[in-house]
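Have a look at the structure below before the remarks.
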Amino acid sequence: MAGTSYKGSEIRDIDQFLSDTSGLGSDREKEIGQHIGYRYDVNLLPDYQRVTPFLKTYMEVMGWDDLNWLEDVHMGYEEGRPAVFDRNINGWVTIPEGTALPDNQQDRDMLARELLIKFQMSKRHPMVDLNKAYRKF
Amino acid sequence: MQEDRSHAMGMHSEQLRGRSQQMFFEPDAEENFVYPDAFEVDYNKRTEFDAKDMSAKETNLKIRALMQDGHGTIVVKNPMARHAMGVGILNRLNLYFEGSLGYFGVGVIDGPNVRISGRVGWSCAENMMAGTVVVEKNAGSLFGAAIRGGDLVCKGHVGARTGIDQKGGSILVGGDTGAFSGFMMQRGRMVVCGNAGHNLGDSMYDGTIFVGGSVKSLGVDCVPAEMSDPDRAWLKRKLALYGMLPAEGIDHFRKYIAGKQLWNYDNLEPSEKKLVL
């Protein structure tokens, strides 16, 4: 069932990857001693009842009827901290300490989507400097 | 020249220590829904031009110039099936091609809503990041190669290796799809309303494929799975969005996912590899 597994490990608790950073949950992972997991269910589909006002405005601005590429954005966990993967810098961006996390993955995903948009569209994003340095025309 | 510029900006002094970025989000950041360098366009400001006697580069530069002038809806007449048309658009935009595109049409786009009234050649919307692309007729091979996000729709049939190396987003095909569709798929969703060719989902790592018709054969590590209620709801909504919901509904669709035997492939013993393959 969507939202309950990753890489063959059962997700037992919403805060599992905040308390257990080793990630070696399944027998298979213990056997090979290695884990390169997504730390979230990549196939979890968004619940459109939980879309935030910010994301609704974003969809309107872009002329989309749904979350489009954001359907694949989820809140993950990196080194025991909540984070979201930014494909534009190919790395995890950690969520500020003290940010209150909702108690369910769907709302956490909406928060991650909102923060990612704010980060990608800000002038602080590393791509802004890269663009200045490497753009061809 | 470019390297000098990047050195002058101090970009090569950073020590990369891992994949985590200690550059925190600003939850209270100013609301901005487009990239800082994006052109400010208005969807109600519409224009059109005839590309019959223009090269692909001239056409692409013209689209860029029109965006710079604030046009949010651009109609390109007579694209003449030229290659690499409408590529590299990182902007919100409604773009209509009245005709067909050649190879590598609308590749590397991030945001625009594109509609193509004709057909497209190989590798349409390769590396697409976000937005929507709707092709009214048929598409060639490698449709949506390495797509990372957005909705890519072909209302007709598509060729082989559709969605090869798909890393996200949704690919919707109204008709049939050729061999090796979903090859090395990593995530995202693919929907084939018609039949699928040989080796569907070969070597797929993750992601989901839905097929409405028959499947000639499954590739290595592609296995059938049970449809869930969220799957059905998503499928219905997405197909309806593009006017592709079959009259008989979606109950006949079947779902395919990765068997997950190829995960950690490098750690398998030779005997285990034989079992997988």
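The values are calculated or read from the model by the stated rules, or taken from the named source; none is laboratory data. Keep in mind that what you see is a predicted model, and the values were worked out from it rather than measured. Quick reminder, even Gly has a Cβ in these numbers, built from the backbone with ideal geometry, and neighbours come from all protein chains shown. With ligands, DNA and RNA removed, areas are computed over all heavy atoms of the protein, side chains included. Shrake-Rupley method; radii C 1.70, N 1.55, O 1.52, S 1.80 Å.
Per-residue mean of foreign Cβ neighbours for B:47-55 is 0 (Cβ atoms of other chains, 10 Å radius). For segment A:44-58 versus segment B:37-76, the inter-centroid distance based on Cα atoms is 31 Å.
For segment A:65-137 versus segment B:179-203, the spacing of their alpha-carbon centroids is 29 Å. Which residues among segment A:70-95 fall inside the zone where the amide N is under 20 Å from a point 7 Å beyond the Cα of A:Asp13, along Cα→Cβ? Correct set: A:75-83. Among the residues of B:125-131, the average count of other protein chain beta-carbon atoms within 10 Å of the residue beta-carbon is 2. For the peptide A:57-63, the mean number of other protein chain Cβ atoms found within 10 angstrom of a residue's Cβ is 5. Using a 1.4 Å probe over protein heavy atoms, the accessible area lost on pairing B with A, summed over both chains, comes to approximately 5500 Å². If you find the alpha carbon centre of segment B:123-166 and of segment B:222-261, how far apart are they in angstrom? That distance is 18 Å.
Farthest toward the positive end of the dipole of segment B:37-276, out of B:Val108, B:His252, B:Gly201, is the Cα of B:His252, where the dipole comes from beta carbon charges about the Cα centre. Taking a ≥ b ≥ c as the square roots of the eigenvalues of the Cα gyration tensor, segment B:82-132 is classed as oblate, since a/c reaches at least 1.5 and a/b does not exceed b/c.
Placing a pseudo-label 7 Å from each Cα along the Cα-to-Cβ vector at A:Gln49 and B:Gln68 gives an inter-label distance of 5.0 nm.
Descending by average beta-carbon neighbour count within 10 Å, the peptides A:67-73, B:168-174, B:34-40, B:243-249 line up as B:168-174, A:67-73, B:34-40, B:243-249, the highest first. Loop-located trypsin sites (Lys or Arg not before Pro) in segment B:39-94 (DSSP state other than H, G, I, E, B) with a sparse environment of at most 12 neighbouring Cβ atoms within 10 Å: B:Lys52.
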